[in-house]
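The structure under discussion appears below in the form of structure tokens.
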Amino acid sequence: MSVMRRYTFKIYPTASQDAALGNTARMCAELWNALLQRREDVYRREKRTLTAFDLGKEITDLRAALPEWRAMPRSIQERVCGDLDNAFKAFFRRAKQGAGHQSGYPRYKPTRSATSIPFREMSKGGWSFHRAPEIAGKPASGPCGAGREGGFASAGAGNSTAIAVAYGKA
């Protein structure tokens, strides 16, 4: 039997770290939206589906052309690409099972309020940063909520895997 465990840590980034995390979260949402648009465009024009492998090649081209994308870790970009591929697989699986219009087609993500950064550090799980929840109906300030309540770093690990990940620069 497989056991999934989640560990959540509260973080208090400095102002510059908070800005960097917010920028990375925004770029993740932009990448998701660009890859989703690309999949839709290729399907409309050529009636073929792009896989995560195909989209990974396009990420390589994007990194070669634009330095701001080269600065972002490749593993984060691959995780976004893989998550989109998994979202489509789940959509088609639900559609095949007869869910019809309630199959949950992958949606575009709002870039202005992007809240998470996926990390691919472990084989079954990974790290993810999320914005702090609302406190008394008021949102926490900053992309990671550093102004009031801090942000949250969560890690999931399968089969009681120990988590030992060190992060250097933010």
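Keeping to the range 14-32, report how many residues are over 23 Å from Gly82 (Cβ atoms), open to solvent by less than 70 Å² (accessible area, probe 1.4 Å) and hydroxyl-bearing (Ser, Thr, Tyr).
Looking only at that region, the number is 0.
May I ask you to list pairs of residues, at least six apart or on different chains, whose Cβ atoms are under 8 Å apart, with the first in the range 91-107 being closer than 15 Å to Leu36 by Cβ and free of Cβ contacts under 8 Å to residues at least 24 places away in the same chain and the second being outside any loop (DSSP other than H, G, I, E, B) and open to solvent by less than 50 Å² (accessible area, probe 1.4 Å)?
The qualifying pairs are Gly104/Ala90; Gly104/Phe91; Tyr105/Phe91.
Looking at (1) buried (at least 16 other Cβ atoms within 10 Å of the Cβ); (2) out of contact with any Pro (no Cβ under 8 Å at 6 or more places or on another chain); (3) modelled with pLDDT of 90 or more, which is the one condition that is false for Leu84?
Single failed check for Leu84: (2).
For residues that are modelled with pLDDT of 90 or more and in contact with a Phe, Trp or Tyr (Cβ under 9 Å, 6 or more places away or on another chain), scanning just the range 88-104, find the one that is nearest to Arg26 (Cα to Cα).
By that ranking, first place goes to Phe88.
Could you please let me know if Arg39 is free of Cβ contacts under 8 Å to residues at least 60 places away in the same chain and surrounded by fewer than 16 Cβ atoms within 10 Å (Cβ to Cβ)?
On the way: free of Cβ contacts under 8 Å to residues at least 60 places away in the same chain: yes; surrounded by fewer than 16 Cβ atoms within 10 Å (Cβ to Cβ): no.
It is false that Arg39 is free of Cβ contacts under 8 Å to residues at least 60 places away in the same chain and surrounded by fewer than 16 Cβ atoms within 10 Å (Cβ to Cβ).
Give Ile59, Ile11, Ile76 a once-over and let me know the one that is surrounded by 12 or more Cβ atoms within 10 Å (Cβ to Cβ) and under 16 Å from Lys109 (Cβ atoms).
Numbers: Ile59 fails: under 16 Å from Lys109 (Cβ atoms); Ile11 fails: under 16 Å from Lys109 (Cβ atoms).
When all the criteria are applied, what remains is Ile76.
The values are calculated or read from the model by the stated rules, or taken from the named source; none is laboratory data. Treat the numbers as computed from the prediction; the structure is a model and nothing was measured. Cβ atoms come from the backbone with ideal geometry, glycine included; neighbour counts cover every protein chain shown. Just so you know, the surface numbers come from the protein's heavy atoms only, side chains and all, with ligands and any DNA or RNA stripped out. Shrake-Rupley method; radii C 1.70, N 1.55, O 1.52, S 1.80 Å.
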